[in-house]
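Have a look at the structure below, then the notes.
The values are calculated or read from the model by the stated rules, or taken from the named source; none is laboratory data. All values reported here derive from a predicted model rather than from experimental measurement. Glycine also receives a Cβ, built like all others from the backbone with ideal geometry; neighbour counts cover every protein chain displayed.
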């Protein structure tokens, strides 16, 4: 099985979080996400998932040179950012796309599908 990342892009201007949403909207979103995760778990496809805070909360760390550099904020400025994700097991990309379609419908959001890299055969 291949693992796939199903990611939720958000527009930067929105920066939605559960705290910034109306309580009834947050409750609806959490119920939809929970139902989707329950379905993933019952099928055996669920690996793990998470929701991310907005990019404004990021800290970028760079220790590629002789000194540690720490910068508040995201590494890049972008019109969109990663708001949340699931990692799933799927036999094919088409299977992963079917899961993404269910997530998109449930959460009324676009979902990007990308396979995780696998270690080369030894």
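Could you list, in sequence order, all residues of the range 24-34 that are surrounded by fewer than 12 Cβ atoms within 10 Å (Cβ to Cβ) and under 18 Å from residue 105 (Cβ atoms)?
If the condition is that a residue be surrounded by fewer than 12 Cβ atoms within 10 Å (Cβ to Cβ) and under 18 Å from residue 105 (Cβ atoms), then 31, 34 are the ones that fit.
Residue 40 - would you say it is in a strand (DSSP E or B) and either under 14 Å from residue 111 (Cβ atoms) or within 14 Å of the chain's Cα centre (by Cα) (or both)?
The answer is no for residue 40.
If residue 13 satisfies every condition in (1) assigned to a loop (DSSP other than H, G, I, E, B); (2) modelled with pLDDT of 75 or more but one, which is the exception?
(2)
Taking the range 70-110, which residues are in a loop (DSSP other than H, G, I, E, B), within 16 Å of residue 34 (Cα to Cα) and touching a strand residue (DSSP E or B) at 6+ places or on another chain (Cβ under 9 Å)?
109
Given (1) in contact (Cβ under 8 Å) with a residue 60 or more places away in the chain; (2) part of a strand (DSSP E or B), where does residue 50 come up short, assuming only one miss?
(1)
Testing residue 122 on (1) under 23 Å from residue 10 (Cβ atoms); (2) surrounded by fewer than 16 Cβ atoms within 10 Å (Cβ to Cβ); (3) modelled with pLDDT under 95, one condition comes back false. Which one is that?
Here residue 122 clears every test but (1).
Sort through 19, 24 and tell me the only one that's without any contact (Cβ under 8 Å) to a residue 12 or more places away in the chain and either part of a helix (DSSP H, G or I) or in contact with a helix residue (DSSP H, G or I) (Cβ under 7 Å, 6 or more places away or on another chain) (or both).
24
Of the residues 47, 59, which single one is over 14 Å from residue 107 (Cβ atoms) and loosely packed, with under 13 Cβ neighbours inside 10 Å?
Just one listed residue meets the conditions, 59.
Tell me yes or no: at least one residue of the range 82-91 is without any contact (Cβ under 8 Å) to a residue 40 or more places away in the chain and over 14 Å from the mean Cα position of the chain (by Cα).
Checked the range 82-91: no residue is without any contact (Cβ under 8 Å) to a residue 40 or more places away in the chain and over 14 Å from the mean Cα position of the chain (by Cα).
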